[in-house]
1. Taking H placed 1.01 Å from N in the peptide plane, check which residues at least 5 places from Leu637 or on another chain put their amide H under 5 Å from its amide H.
2. On a 0 to 90 degree scale, rounded to 10, what angle separates helix 302-311 from the longest Cα axis of the chain?
3. Under 16 Å Cα-Cα from Lys554, which aspartates and glutamates qualify once same-chain neighbours fewer than 8 residues away are excluded?
4. Hey, which lysines would be in cross-link range of Lys257, C-alpha to C-alpha under 22 Å, not counting anything within fewer than 8 residues on its own chain?
5. In degrees, nearest 10, range 0 to 90: what is the angle between the Cα axis of helix 132-143 and the longest Cα principal axis of the chain?
6. Can you pull a Stokes-Einstein diffusion coefficient for segment 9-401 at 25 °C (0.890 mPa s), Rh from Kirkwood over Cα pairs, as a whole number of µm²/s?
7. Label points 7 Å out from Cα along the Cβ direction at Leu374 and Lys66: separation in nm?
8. Counting other beta carbons within 10 Å of each residue's own, what order do Lys257, Lys198 fall into, fewest first?
Amino acid sequence: MNVPGPVSAGRHDRRAIFCVALFAAALLLHLWCLGRGWRAPILDAHEFRQVQTAVTALFFQQDGLKLDYDTPILGPPWSIPMELPTYQAIVALLAEGTGLPLEQAGRLVSTVAFYAALAGVFLLLGRWLPARHERLVPLAFIQISPLYLYYTRCFLIESTVLAFSVWFLWAFLRWMDRPAPGRLAAVWTLGALAATTKITTFTVFAVPAAAATLQALWTSRREPLGRRFRPAALGLLAIGVPLAAAVAWVVHSDQVKAQNPLAGFLLSSSLREFNFGTLHQRLSREFWIGIGTVTERVALGAGAMFLLGTAFFAVSAEFRRRATACLVFFAGGFLVFANLYYVHDYYFYASSVFLLAAAGLLAVGLLRLPAPGLPAVAVLILLALANQYTRYEQAFGSFLRGLMPAPPPMAALVRELVPPQDVVLVFGRDWSGRMAYYSQRRTVTMPDHLLRDPANLQRSLAHLGGRRVAAAVFAGPLRNSPYFIRSRLAGLDLDGQPIAEAPDMTLCLRTDLLGRVPGALAAAGQPELRSLQHLDRPITDPLHELGTPEWRAKLAGFGTLPYAVRSPYAPNQIEAGGALVLNTHAPSELLFSPPAGARTIRVECGLLRSAYTGTNRTDGVVFEICEERTDGSRRFLLHRSIDPVNNPEDRGTLQLEATSEVPIEGVLVCRVDPGPGGNVNCDWAYWQSCTIR
């Protein structure tokens, strides 16, 4: 082993002063970064996951703490437990006891937990670095990592479970050193809390615990047979209870989630591949590029990697071994949970403490060398930390400069209109909890993969009990799909006419609540909201005129000519099945001025063959014919849903005919909407001819 020569007392003092000053500067910078946007009443990046956590804490405040806690996003039964709600319960109790807004209480708990984890890391480093001032260097690297600068301020469970896991490892090593009942109780308590709060984080720290057990087993290999396997027994005894608690929680939470008709995709069996990934993924070039990119972006910047990587060959063999061990522990996270780490960068919060500890250990190894001297090593370390802060600003600075997603304006109106005990339906937002959190109302948020079949919604609503559906929110393309809206509102006591619209959202309301609308719109105080009068209104998209000589020449064989097309996409003429047709991507409307006394319309229409062949998979479209009256209301004459991927009879050109009992006096509209799932991908509809008489 390369042992550095003696160091003078003066140089030792200067090293100690540098280490303390470095840690103090890192602490101040970390606190300043945490303070940016501290009072903001909104959630930050990775809002999808933060909202789920915040929704649970919110309803703990409203309904009290319980083990099978409510996350009222996917409808009744409202409990879809993913982890033991340790963090959420602490946040709810803190907010309730202090009056802090929930977002600030969440940030405070995350921050305190991070520093509790840092204290545990300080004690763990004591096994390798007896000098306390030297342990402060790895702590400085941890604090200035972009990952810990940013995600520590978020409404996430990450720092809480990190604290449990760090202290579990510390208690485990003390138990292995000198077994005692009190130490074993600490290992079991901290390990069970970590494993049930987030098993992915606990697993990262179970790896060094297992490594310590194997090391102890190797050391005792020459002991008498009766004592040879004692370390293995001690290690298994310590880790067994936390793992058993984690398994018991997963089994219990699966049983609870299985009662929810919409939550099947959240069962552990359904998430296995998403969590762990595949062997093929681990062996792929893309996986390693992705892991490397995320590591450099949020954990340890390329500049810091280079500066400290060169130190690896300069420090003593002892420090190289310690740094290598930390790197192995860091890799344990993404090697076990390959896909989670590949998809979500915040999972690195659990394992990057080992990567940064390795960087800090290499820096300490440099400080111990008699050459090149303290000033040169100090500059190297400061450059590495400066690179870390630069990466932080590049990765997350935009979120802290006012570009964080604002609460949906519609949520403020929903909160004003919907009684607290009632339920809101949400379509077109996958299973995001934004509406539930910002409106503070229970929601049935239909996941995108369940939108297609209306029976999924009915199965969920069958469990409502005494609660009533008060409103429905339609987002994205679905807000412009009257067929989808009507099919989902069928049988519900909701008015068929949207009462308000916000950017990318439309709201329908229960009939007995309509009188509240004017006052609620004013109380919501959202300038983006505007009142609506009709559900079946025209598509609010550009009007493409077809009355020009050029278009009349193109549509010479079309029959009765439309005078315009309403659509976000420009129409064009293409060939389909040997004929020239008018191509209009859903959603779109053809507008006709019918002749006096007209009662019948006959059209030829369909989906282009390329929409459902090769790798393209449309989910179908809906063709509709209606009369748009002068007051803006609509009278529907026909609708036909087609799905050419699954129904061969829906392929090719279809002939549709509608007849009105009374003459058509308004504008005649031929409309094509996205299919039942609301997906506009490959919805390449066309119209071949039209006859109105």
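1. Ile625, Cys626, Glu627
2. With rounding to tens, the tilt is 20 degrees.
3. Glu545, Glu575
4. Result set, ordered by chain and number: Lys66, Lys198.
5. Helix 132-143 sits at roughly 10 degrees to that axis.
6. Numbers: Rh = 22.1 Å.
Reported coefficient: 111 µm²/s.
7. 6.2 nm
8. On the way: Lys257 22, Lys198 28.
Ranking Lys257, Lys198 by Cβ neighbours within 10 Å, fewest first, gives Lys257, Lys198.
Every number in this text was worked out from the coordinates using simple rules, so none of it is lab data. Note that this is a predicted model, so its numbers are computed, not measured. All Cβ positions, even for glycine, are placed from backbone atoms using ideal geometry, and neighbour counts span all protein chains on display.
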